[in-house]
Amino acid sequence: MSQHQPTMSCCSSSNFDEYQWVINVGRALEKELEDGDEDPVCIFTVPKTMMSSHPDTYTPQQLSLGPYHYLRPDLHEMEWYKLSAAKKLQNQLHSSHDFENLVEQLIKLEPKIRACYHKYLKFNAETLAWMMALDVSFLLEFLQIYSLKETSSSSRVVTSRMSHLLDYSKRKSVHHVILRDMVMLENQIPLFVLRKVLEFQYHSVESADDMLLSMITGLAKELSPFKTIELPKSQKILEHSHLLDLLYDIIVPKVEEPVEISEEFADQIEADIQLESEGFGSDSNYVKQLLNEIWNMVSQLTTGPVSLLIKNISSSVTIKMKFSWTILSTLLHKSPDGLIKTEGDGSTTSMNKPPLVEEITIPSVTELSNSGVSFIPTRGNISTINFDKDKAAFYLPTISLDINTEVVFRNLMAYEISNASGPLIFTRYIELLNGIIDTEEDVGLLRERGIILNRLKSDEEVADMLNGMSDSKAIRLTKAPILDKVIEDVNKYHGSLWMVKIRKFTKRSVFSSWQYLTLFAAIVLMLLLAVESFCSVFKCYRIFHNDFYEG
């Protein structure tokens, strides 16, 4: 076969069809000139740094939707179920709107479909259109479970092949596996493709939109962790890019005006973080450096009797100092190897490096509860989070956690990080949960207050899941004004309590004074070592012995 002839093998990951690539580029440029506006990318690949942590939560386990995972051999089994759903859809179509006509309409949308994906797609237009037709057929069949409208009896009929997958009771494990695959970022299909297929099925734009609105609203209600939220029922829902985009918009509030965080309080928080994370290591660095400087100054004295003294006692003092430093380093948490530096040693200490911060600074639920803070559940999404310092009340939305929650949370964060141009509000919310929940006791307190509806096996499993959300290198501490203001208010209230002030004073004053006392003891010990070495050379006991008898 000539290399200039387009082939159906263009979708292979190992063979690159240059001719098909040229055709795709030409069609994309022509479509952009016709439309005038470029369609925004909305379906991304998960960042590699996030994918390296818990990859199973980002890659489909049973169902591939769209082109990203279409070629995986372990997912080919579901192709038979897609064909079964397509046959059912074909039987429901009007004679003038058969399945091939549907594919032809999708081919016309091919440049727009291709533009939605962040990754370059090696499929040709016909292959991509057939792929979308099969995937959407299965997806619409599955979404009937969540439809809030009464559908016709013919639509409710389930083929024998699909019977074990379409579980209207929502209890089968395979149902939840497919549900998790549907919400993954790399497994999304543009929503306008679903609308186009429903138009063919219902022969009316209004009927198609009503049915799609009913389906995706029911799905969002199932997947949303905020069960008490009131879902919008307007047609604006259909303007979202895909199902995950809709779920994100329901959960995350729109940011209108930034909330300023006082710099003074931010500096105080940073100081507390450094104190907690470094402990007293920095003080011991100063002690270590001072001891080194003292020894270097003494070593540079090369004239007079001092030179003879250093020559005779240097080796013994070095051995004794290392032995003494072994004892002191136990208190100072440092190795004895660094006391006597070799010439030319240019190694730097860690005192100039910033502390490693893995979660935001905020007291845990247990600490806040012991400080008199009450936790009150709210009805709504993240926008309802608030702290009333006058009442010492922490308002948090009621959240339901089940076996699908981790996949939903991680993919929402991946979508936000990949797409959001403003503050990463949802990621900050996860950081907040990670900050206030450390142990299963914290989860238990929130569960008793009605803030956490735990549908997992135990409170410990919830704590482990939330604490593991920020284990990816791609997730850094973010800024979200509406949540940062709440965190600031909580820390200000907790820091103003006299018990907390006493504890901080003890850490900063008493314990730091202990370091200075250790420094003083180290200097005295070095002086005693010097006197002992001096007397071992010049026989000091004879001088004191003669002075005693002369007296």
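Results, tabulated for the structure shown:
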read-out: Residue-span extension gain [A393 to R171] - 0.36 nm each, minus C-alpha spacing; value: 76.2 nm
read-out: Using a Förster distance of 35 Å, the FRET efficiency for S364-K48 (Cβ separation, nearest 0.05); value: 0.60
read-out: Extension gain, V524 back to R72 (0.36 nm per residue minus Cα-Cα distance, nm); value: 155.6 nm
read-out: Estimated translational D of region 158-249 in µm²/s (Stokes, Kirkwood radius over Cα pairs; 37 °C; 0.692 mPa s); value: 228
read-out: Listed residues H203, H240, H54 arranged by accessible area, highest first, probe 1.4 Å; value: H203, H54, H240
read-out: Solvent-accessible ranking of H76, H494, largest area first, probe 1.4 Å; value: H76, H494
read-out: Per residue, the convex hull volume that the Cα atoms of region 352-470 enclose (Å³); value: 140
read-out: Extension reserve of the A420-E30 stretch, reckoned as 0.36 nm per residue once the Cα distance is removed; value: 137.5 nm
read-out: V22/K457 FRET efficiency (R0 51 Å; Cβ-Cβ; nearest 0.05); value: 0.40
read-out: Area accessible to solvent at T439, 1.4 Å probe radius, in Å²; value: 60
read-out: Approximate spin-label separation E206-H164, in nm, with each point projected 7 Å along Cα-to-Cβ; value: 4.4
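The values are calculated or read from the model by the stated rules, or taken from the named source; none is laboratory data. The model shown is predicted, which means the values in this text are computed figures rather than measured ones. Please note: Cβ atoms are built from the backbone with ideal geometry, for glycine as well, and neighbour counts cover all protein chains shown. Surface accessibility is based on the protein's heavy atoms, side chains included, excluding ligands, DNA and RNA. Shrake-Rupley method; radii C 1.70, N 1.55, O 1.52, S 1.80 Å.
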